[in-house]
Amino acid sequence: MTATTAPSWERTQAEQLDAFGRMLDRLRGYDAWSGRLRGITAPAHLDDLLQVPFTTKEDLRAGQAERTAEHPLGAYQLVDTAELAQVTSSSGTTGAPTYFGLTRGDLGRWNSRIGDAYRTAGVAPGSVVALTTGMAIVAGGLPYADGIRDAGGVLAWLGGQTTGRMALGMQRLAVDVLVSTASFAAHFADRCEDELGVPATSLSVRTVIAGGEPGAGVPHIRRAILDAWGATRVSEFMGLGDVLPAMWAECEVGQGMHFTAAPDVLVELIDPETLEHVPWAPGATGEAVYTTLTREASAVVRFRSRDQLAITQVDCACGRTAPTMRCVGRTDDMLIYKAMNVYPSAIREVVLEAASPVLSGTMRIRKDAADQVRFDSDLPLEVELREGVEPQAAEAELHAASALVRDRLRVRVAIEPQPFGRIPVSDYKNALVYAP
Ligand SMILES: [Zn+2]
């Protein structure tokens, strides 16, 4: 790929704006969008986008609830089911999964874009690429598999087997690119050594493509992954099931992830408080907002990702003109429990399902430090008892709650009942996590 001849980022954004206007004209023809887009004119400048309402996860969920026999994917299913080629789903970490349809055209564009991300991240013809995802339907499943092949990689889909089988596959197939979450990449190196009786550094992994969670950009985590595998490159990778599973990928320079989805997705950087645009400049931070410019089966317009980005550079030495960034967190407090993403809101939901008769509903996870994201032992969860309920009287329910969290979310919590009134409650959003 001759990235040196790529158009400037300004030019790319201008082309995206043109495509945005064409997409508006198309979406206006659908009931699901005509009301939301009433009075919205084609944008001439980037700031004209500010008049366009956001799409949120809640909107997509509400749309899915309006299922009909003709449109099983709900109000935002824009084509007949017969025109769909595939359905994918979000991981459902924050609640019930949402499902998305893809037409054959959509699928072709996804393959190309996800392929671009993998090419940027270091997959080349001849690369033997291990995919460790276990589930096909999620963004990191079949869509990633298609993208790896599009980039010319030899797909070795090892996920979904026991760790022993996966380790054996890594060795026998001489895998040189490992695709996994940052947490799993570190954990899996240890397991390979246990299973194979040789250190993971003696295998042939040289590039680790790490996505699905923030972390691989943090220097000590990156160093640990490199050392664990004897690798020479860690490429961070990021996308969103609701928009496109791979939109950002780190090049060989290693200073952050480039935006790689430009022809099909428009990205804006906004201040999550003022909702104004933040310029793409090194050091700037903001929330990514995405619009699918070409998606036929379903579309999102100005989808709020809740991903907080920090821009690292706008003139990468590799010649790619899209800015690079690190994802510095989620506006909504995602935690990592062993190699899994977990949302405090999901834990609260399950705890209340099991124990609401004895609980007030107020609860919070205690961190050791404000910037702690990872937990390797039981999550300390303070829950407030209802007024007049004694801790002994709540024992059975609280035990049932931790069991349900373990079964449902595969997370262990250490529940600490607190008397009513002990946990401070504010009238604005109450933090579900805190550090004393
Ligand atoms: Zn670059």
Some residue of region 69-87 being over 23 Å from the mean Cα position of the chain (by Cα), part of a strand (DSSP E or B) and in contact (Cβ under 8 Å) with a residue 60 or more places away in the chain: yes
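Given the structure, is T312 open to solvent by 20 Å² or more (accessible area, probe 1.4 Å), at pLDDT 95 or above, within 13 Å of the ligand (Cβ to nearest atom) and within 21 Å of the chain's Cα centre (by Cα)?
yes
Inspect all residues belonging to region 225-236 and state whether any of them is within 16 Å of the ligand (Cβ to nearest atom) and basic (K, R).
yes
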Residue in region 238-251 that is out of contact with any Gly (no Cβ under 6 Å at 6 or more places or on another chain), on the phi < 0 side of the Ramachandran plot, touching a residue at least 40 places away in the same chain (Cβ under 8 Å) and open to solvent by 30 Å² or more (accessible area, probe 1.4 Å) present: no
I'm checking my understanding of the structure. Among residues of region 284-303 that are modelled with pLDDT under 95 and open to solvent by 10 Å² or more (accessible area, probe 1.4 Å), which one is farthest from S34 (Cα to Cα)? A284
Against the definition (touching a residue at least 40 places away in the same chain (Cβ under 8 Å), of a type in the set (S, T, N, Q) and either in contact with a helix residue (DSSP H, G or I) (Cβ under 7 Å, 6 or more places away or on another chain) or surrounded by 16 or more Cβ atoms within 10 Å (Cβ to Cβ) (or both)), how does S90 come out, yes or no? yes
Identify the residue in region 237-278 that is within 16 Å of the ligand (Cβ to nearest atom), among the aliphatic types (A, V, I, L, M) and assigned to a loop (DSSP other than H, G, I, E, B) and, among all such residues, is nearest to T12 (Cα to Cα). A262
Picked from region 315-328 (must be crowded, with 19+ Cβ neighbours inside 10 Å, not basic (K, R) and not in a loop (DSSP other than H, G, I, E, B)), the residue farthest from the ligand (Cβ to nearest atom) is C327
Here are some residues: E390, E384. Which one is in contact with a Lys or Arg (Cβ under 9 Å, 6 or more places away or on another chain) and among the acidic types (D, E)? E384
So R113, is it under 19 Å from T55 (Cβ atoms) and of a type in the set (K, R): no
All but one of (1) of a type outside the set (S, T, N, Q); (2) touching a residue at least 12 places away in the same chain (Cβ under 8 Å); (3) touching a strand residue (DSSP E or B) at 6+ places or on another chain (Cβ under 7 Å) hold for E349; which doesn't? (3)
Any pair with Cβ under 7 angstrom, 6 or more apart, that starts in region 258-276 at a residue that is surrounded by 19 or more Cβ atoms within 10 Å (Cβ to Cβ) and ends at one that is acidic (D, E): T260/D116; I270/E276; I270/E287
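The values are calculated or read from the model by the stated rules, or taken from the named source; none is laboratory data. For clarity, every value in this text was computed on a predicted model and none was experimentally measured. A quick note on method: Cβ atoms are made from the backbone with ideal geometry, for glycine too, and the neighbour counts reach across all protein chains shown. The area values use the complete protein model at the heavy-atom level, side chains included, leaving out ligands, DNA and RNA. Shrake-Rupley method; radii C 1.70, N 1.55, O 1.52, S 1.80 Å.
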